[in-house]
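*Asks:* Quick one: the structure is below, questions incoming.
The values are calculated or read from the model by the stated rules, or taken from the named source; none is laboratory data. Because the structure is predicted, anything quoted here is derived from the model rather than measured. Methodologically, a virtual Cβ is constructed for each residue, glycine included, from the backbone with ideal geometry; neighbour enumeration extends over all protein chains shown. Areas reflect the complete protein model, heavy atoms only, side chains present, ligands, DNA and RNA absent. Shrake-Rupley method; radii C 1.70, N 1.55, O 1.52, S 1.80 Å.
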Amino acid sequence: MELFFLFLLLVLLAFALGSGYPVAFALPGAAIISITAAAAAGYLFDGSTDAYFHSGGPGQWLSAGVTNLRGVYWEVERDTLIAIPLFIFMGIMLQRSKIAEDLLVCMAGLFGPVPGGLGISVVFVGALLAATTGIVGATVVAMGLISLPAMLRNNYSPSLASGTIAASGTLGQIIPPSIVLIILADQLASGVDQASTLRKTLYTEATGELSMPTAFDVTSTSAGEMFLGAFVPGILLVLIYMIYILVFALFNPKSAPAVPYEGQRDAKFWGNVALTLFPPLALIFLVLGSIIGGIATVNQAGAIGAAGALIMAGYRLYDGRGAYHPAVLAILSLCALSYAIANYDMNAKSITSPEDMQGIYIGIAAATLLIISLIWSGLRVLKIENTLHGVMLETAKTTSLVFIILLGAAMLTAAFRAFGGEELVRDFLNSLPGGFWTQFVIVMLVIFILGFFLDFIEIAVVVVPIVAPILLADPGANITAVWLGVMIGLNIQTSFLTPPFGFALFYLRGVAPAVVKTMQMYKGVIAFIALQLIALLIVGLYPPLVNYLPNRVSLLGETAPPPRNPKLQFCLADFVHDRVTTDGGATLAVISDARSLDLSGLPEDLADDFTSSLDDAEAALAALDEVWTAHDAVEAAAPAYRPILAEVRRHEKDVRKEREEIDALQTRLSRMRGESDEAKAKVSARIEELEADAARLEAEIPADWPDTYAAFSELAKAEEDARRKWERSGDDAYQDAVEVLEALSSSDAFLAAEGNLDRFRNIITGATEDEAEAAEDAAKDIEDIFGDIAGADDVKSALSKARRALRKRSFDPAKAMEEFEEAVTAYNDQKNWRKNAAPVLIPEIEAYVAAIRDTIGARSQDRMTDEQALYLASCTANHRNLSLNF
């Protein structure tokens, strides 16, 4: 019966959408009706409202959608969707202020003389508008009204013209800032949590270990990372569009002719280009640059974009004198703020001088001027055709629609899970031959087909929560959430172009002249749909196009993880191995030179520490070679072992499933005391049938599997042991050398502290039992001085014993003096080698430490160097197959 109500849910949803019922109400409506029907049927036919649910009851699932929505969007840590109204405001404001129109006219004059230039200009402007507005309808309508007539007048093919405009208008879905990417990031954040749980369960079932190493966990994403990940694929798609139009124009010059510019390309022309192009580019730089540079969060960047759009609209809509005064005032205030931030400590809590207050005053004045410029621009936009009122109203409507759909989708997803739909999808995908890539292709195909009928929001909030955990949990592909999100985003983008319900086609049809037939528009977008699929294939085959930029920003930022982070160890070892094998033996030469140092002047413990550092450095390099030898052995055995492992794990999973059902039936059988023998016999027969199936599945596991598993495990363990040895030896090599260097470098402070010993002696000789506490406190101050000096632990230890002898309850000046003399002896022993050996050895050991810092000692650093970060960003941008560990 669960399947029946799942089918009812999907039929109701399809009927509601097909009849034109609003999506925002069709989603929760289908969920509420199906859950209510299941509860009523269960009560009538089985005596329990919970009977026909996969788990739980109707009350739980009716409230699950609202509960999940509140848990996701009302948490302080999950405030990503606040950016949606800000970016919507920004886009509508730029569209209503006719800045999009100015861009199209300007770019047409700039690119027109190039073959296919008008088409290229439309793509270029579409990309700019995508990076500033992201509103598909507004972009398509604006370009359709302005560019389509011009392209038709200049003998452009109606199919090419309409296809170019429709496709360029959809770029806002993948080029950040994009509402689609924000929604996908939020949906994937929840999917990552579920995927992580699934992968940990899989690891435990496969290995028997209770905890999974952090390095094997699923990589999450955020809206900022989604923006960064989509940036390069978005530019790639723009270039593909432009190249296609240029090639089309070269082979079919009559269908896409060059259009010479009729005016003069004089200073006025170029000034107009600059005035039209630079403000949107500056806004793009402020919004995306602040995110990429780690200066602002996505929400803060949205506020920057909204404020910038308001100021730009303020001078574009105003025709009188002084149109640019608010914009100039805003620029000056931003310059003043930048100056204050660069030259003063702007934290009001840390003000210590009048100079600090000067920076605060500059900041307050600049912020006040910026607020004035915003109010000034806002009043202009409000007075001119009541534009601000219209923009705010449209923003509220669009934002409300998005959030209502999110709520409805949360309820629909809850109903889908209530009837076991999620497990049904998971079992179906996991049963497909070919592993992850078969699952992924099926999911992408389903999303592509749904794009013929549904809007991007419905696809993102209904499909993604169901399939994302399944795809992300697969350790074989080990994909990142940002890559999956961008791939889905690229796929969803085609939903605006695919007939019969492509929204971009509807928008363009509404403003296109009658001479452009609907079939010509459909023919025009086919090529661009194919181009989008090509871009999808390129990004799918080369994940670094998505992963590199988020990794680069993360690893170069102030909050970058330290080199010891578990997820970085594979690539960090790769970096060190690459540097050591390509340095021409320089690292080995440094170690050899350090061995020739005369350590006879050092105390035995320091000499031993430095010698141990050299031994560990050589052991680390040897272990690094062992790592690659063992890794190569694993890689050589993997092709033959992986399919056997996959087959065995599949059989074991099926056996576990059978055993779980057997356990459930046995529990049910034990509770059937009052039922007929016939009913009990049916359950017993089913148990016997499942036992036979489980035995058959176990028999299908190859007989030599234990030996095969043991042989491969030995290879894998050899690699793991080599990696641990490399990490341990490298850490010890660097830390021992640093401790020796710190001891030597503290010699000046040690020698300067000699007078404190005389003070300590005077404290002992002058101490009385009545003043024991004061004497102990004074002695403690001197003890702390030596405690802060590296290598002076023996002196500090002896002084500590002397101080404790001055305590009131155990006051013994004679014992204190005896311990003090031990401290003096220890001091004199150190004094000799610190005077003689330190000046000679410090430069040599400093050179050794510097030489191994970024290679052998890389893991011991607080943060990565830029070279390491860039290498690791590139290395971790590729997906690493983890299936051999499961």
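*Asks:* What net charge is computed for the residues neighbouring S729, neighbours being all others with C-beta under 9 Å from the C-beta of S729, Lys and Arg scored +1, Asp and Glu -1?
*Replies:* -4
*Asks:* Rounded, prolate or oblate, given the Cα gyration tensor of the range 589-699, with a/c below 1.5 counting as rounded?
*Replies:* Note, shape of the range 589-699 comes out oblate.
*Asks:* Give the angle, between 0 and 90 degrees and rounded to the nearest 10, that separates the Cα long axis of helix 705-745 from the longest principal axis of the Cα atoms of the chain.
*Replies:* The two axes meet at around 50 degrees.
*Asks:* To the nearest Å, what is the center-to-center distance of the range 692-748 and the range 213-264, using C-alpha atoms only?
*Replies:* Rounded to whole Å, the Cα centres lie 44 Å apart.
*Asks:* Turning to a different aspect of this structure: Given +1 on the Cβ of Lys and Arg, -1 on the Cβ of Asp and Glu, and no further charges, what dipole in debye does the range 635-743 carry about its Cα centre, rounded to the nearest 20?
*Replies:* 640 debye
*Asks:* How would you rank 777-788, 200-211, highest first, on the average number of other Cβ atoms within 10 Å across their residues? Can you show the working numbers first?
*Replies:* On the way: 777-788: 17.2, 200-211: 13.2.
Per-residue Cβ counts within 10 Å, averaged per peptide and sorted highest first, yield 777-788, 200-211.
*Asks:* Averaged across orientations, what area in nm² does the convex hull of the alpha carbons in the chain project?
*Replies:* Reported value for the Cα convex hull: 53.9 nm².
*Asks:* Give the separation of the Cα centroids, the range 137-201 to the range 753-802, in Å.
*Replies:* A separation of 73 Å, based on Cα centres.
*Asks:* For the range 519-525, in order, what is each residue's ³J(HN,Hα) by Karplus, 6.51 cos²θ - 1.76 cosθ + 1.60 with θ = phi - 60°, in whole Hz (x at glycine and Pro)?
*Replies:* Computed from phi, the couplings for the range 519-525 are 5, 5, 5, 4, 5, x, 7 Hz.
*Asks:* So what J values fall out for the range 491-498 if you push phi through Karplus, 6.51 cos²θ - 1.76 cosθ + 1.60 with θ = phi - 60°, rounded to Hz, Gly and Pro as x?
*Replies:* 3J(HN,Hα) across the range 491-498, in whole Hz: 5, 4, 4, 5, 5, 7, 10, 6.
*Asks:* Hey, another quick one. When only C-alpha pairs under 8 Å and at least 6 residues apart count, what is the relative contact order of the chain, in percent?
*Replies:* Relative contact order comes out at 16 percent.
*Asks:* Right, next: For the range 809-868, report the translational diffusion coefficient in µm²/s to the nearest whole number, using Stokes-Einstein at 20 °C, 1.002 mPa s, and a Kirkwood Rh over Cα pairs.
*Replies:* Taking Rh from Cα pairs, D becomes 138 µm²/s.
*Asks:* Going by average Cβ density within 10 Å per residue, which order do the peptides 390-400, 570-580 take, highest to lowest?
*Replies:* Result, highest mean Cβ count within 10 Å first: 570-580, 390-400.
*Asks:* Return the Rg/Rh ratio of the range 151-281 with Cα-based radii and a Kirkwood Rh.
*Replies:* Details: Rg = 23.9 Å, Rh = 19.4 Å.
When Rh is taken as the Kirkwood radius, the ratio is 1.23.
*Asks:* Let me ask you something else. Could you give P(r) for the range 769-830, binned at 10 Å from zero, as whole percent values over all Cα-Cα pairs?
*Replies:* Reading upward from the zero bin: 26, 52, 20, 2.
*Asks:* Viscosity 1.002 mPa s, temperature 20 °C: Stokes-Einstein D of the range 590-635 from its Kirkwood Cα radius, in µm² per second?
*Replies:* D, rounded to a whole number, is 175 µm²/s.
*Asks:* Turning to a different aspect of this structure: Enter the accessible area per residue of the range 164-233 (Å², integer; probe 1.4 Å; all protein chains in place). Mind dumping the intermediate values first?
*Replies:* Numbers: 2000 Å² over 70 residues.
I get 29 Å² per residue for this part.
*Asks:* Taking N as the number of residues in the range 649-721, what is its Cα Rg relative to 2.2 N^0.38 Å?
*Replies:* Rounded to two decimals, the normalised Rg is 1.65.
*Asks:* What number, rounded to the nearest 500 deg cm²/dmol, is the helix-based mean residue ellipticity at 222 nm of the chain, given -39500 (n - 2.57) per DSSP H run of at least four residues and division by all its residues?
*Replies:* Dividing the helical sum by the residues of the chain leaves -25500 deg cm²/dmol.
*Asks:* Over the alpha-carbon set of the range 218-329, work out the extent along each principal axis and list the three values in angstrom, largest first.
*Replies:* Reported extents, whole Å, longest axis first: 53, 50, 19.
*Asks:* Any idea how far apart A847 and A365 come out in nm if each label point goes 7 Å out from Cα toward Cβ?
*Replies:* Computed distance between label sites A847 and A365 equals 5.4 nm.
*Asks:* Moving on to the next point. I'd like the FRET efficiency for T629 and A774, computed as 1/(1 + (r/R0)^6) with the beta carbon distance as r and R0 of 51 Å, rounded to 0.05. Let's see the in-between values first.
*Replies:* Details: r = 66 Å, r/R0 = 1.29.
That gives a FRET efficiency of 0.20.
*Asks:* Note down, for the range 201-273, the three equivalent ellipsoid semi-axes (square root of 5 times each alpha carbon gyration tensor eigenvalue), biggest first, whole angstrom.
*Replies:* Semi-axes, largest first: 55, 20, 6 Å.
*Asks:* If you take the square roots of the eigenvalues of the alpha-carbon gyration tensor of the range 251-292 and sort them as a ≥ b ≥ c, do you get rounded (a/c under 1.5), prolate (a/b over b/c) or oblate?
*Replies:* The shape class here is oblate.
*Asks:* For the range 732-857, with every protein chain kept in place, what is the accessible area per residue (1.4 Å probe, Å²)?
*Replies:* 49 Å²
*Asks:* Per residue, how much accessible area does the range 249-362 show when a 1.4 Å probe rolls over the protein heavy atoms, in square angstrom?
*Replies:* The answer is 60 Å² per residue.
*Asks:* Roughly how far apart, in whole Å, are the Cα centres of the range 488-563 and the range 827-886?
*Replies:* 44 Å
*Asks:* Here is a further query. Quick one: with all protein chains in place, what share of the accessible area of the chain is carbon or sulfur, to the nearest percent (1.4 Å probe)?
*Replies:* 60 percent
*Asks:* Taking 30 Å as R0, compute the FRET efficiency from the Cβ-Cβ separation of R321 and D345 and round it to 0.05.
*Replies:* Once rounded, the FRET efficiency stands at 0.15.
*Asks:* Let me check the size of the range 605-764 from its C-alpha atoms; what are the radius of gyration and Dmax in Å?
*Replies:* Gyration radius and largest Cα-Cα distance of the range 605-764: 32.1, 100 Å.
*Asks:* Compute the length gained on full extension between R880 and N154: take 0.36 nm times their separation in residues and subtract their Cα-Cα distance, giving the result in nm to one decimal.
*Replies:* 256.2 nm
*Asks:* In addition: To the nearest 0.05, how large is the calculated FRET efficiency for I331 and L401 if R₀ is 51 Å and r is the Cβ-Cβ distance?
*Replies:* Given R0 = 51 Å and the Cβ-Cβ separation, E is 0.90.
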